[in-house]
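See structure below.
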Amino acid sequence: MDFRITKPTHVFAFLCVCGSLFLFVLLPILSVFFPLNITSVYSESMSDAMRLALEVFLVLFQFGFVFIFLILVPILWYVLVNHSSLREVWARLQLRRDNLSTALVWSVIAIVVAFAVSIAIGVLYSYLMNVNAEDLSNIPDLQTMFSTPSLYLIVIIQPFCEEFFFRGFLLDKITTMSTPVIGILLTSILFGISHLTYTYAYTAVIAMFLGLIFAVLVVKTKNLYAAIFAHTVLNVTSLTLYFLGKSLGF
């Protein structure tokens, strides 16, 4: 193992990774017991210009936040601890273009499976919890903060950052220290936990199973682009179907 506790740069990289895990794993768990009403940042007395300015700030803050803790932190670890060049970092993360067409074929299969699993879990969860399936979506909560264009921008950019950290960095590190099966399971659980900050536990359950599918996809194709593509298409399609359903009165 390359990590050395006696090296300050290694300790710094370790603390940065711990910070990412705190923000995306421990903080979501704490939010279950101490929920935060983020939508309260908006006030009814705000003018349209002020709401637009605040929305732009929130979108930029969101992108900056995920870039630092989901992309920059893993790169820092690879550079400071593993002494990898950027080319070697992309290789470790399996961001490669060779056999990309084959990887995308498996992505399409993963998307179909993901939709099927999501629908099945949604129906089962609705039946067991005695709630309407439409009430399980976290999109209405996000709509109180972001406009439709902002939502599409988020669901397009966010998957790359999440895949970079969970199916790229964490899957690589956990698999290196154990086995691919353990790596797949642990990253899927952590990915599910990271979605506890949304309104419903259902979202975390769905995220865990989707994380499992995406992790298997990366291990199968040895290509992170496959998971990024599947994750992005799934997000965009789900958001589009939601808006389409609302426009049709469903």
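Side notes on the structure shown:
- Projected label distance in nm at residue 91 and residue 50, using a 7 Å step from Cα toward the beta-carbon: 5.5
- For the range 186-215 versus the range 59-106, the spacing of their alpha-carbon centroids is 20 Å.
- Dipole moment magnitude, nearest 20 debye, the chain about Cα centre, only Lys, Arg, Asp, Glu C-beta charged: 820
- On the beta carbon distance between residue 116 and residue 60, with R0 = 51 Å, the FRET formula returns roughly 0.90.
- Expressed per residue, the C-alpha convex hull volume of the chain stands at 153 Å³.
- When shorter helices are ignored and each DSSP H run of at least 4 residues is given -39500 (n - 2.57), the per-residue value for the chain at 222 nm works out to -22500 deg cm²/dmol.
The numbers here are math on the coordinates, done by the rules we state, and not lab data. The structure displayed is predicted, hence computed values, not measured ones. Because the Cβ atoms are built from the backbone with ideal geometry, glycine has one as well, and the counts that use them run over all protein chains shown.
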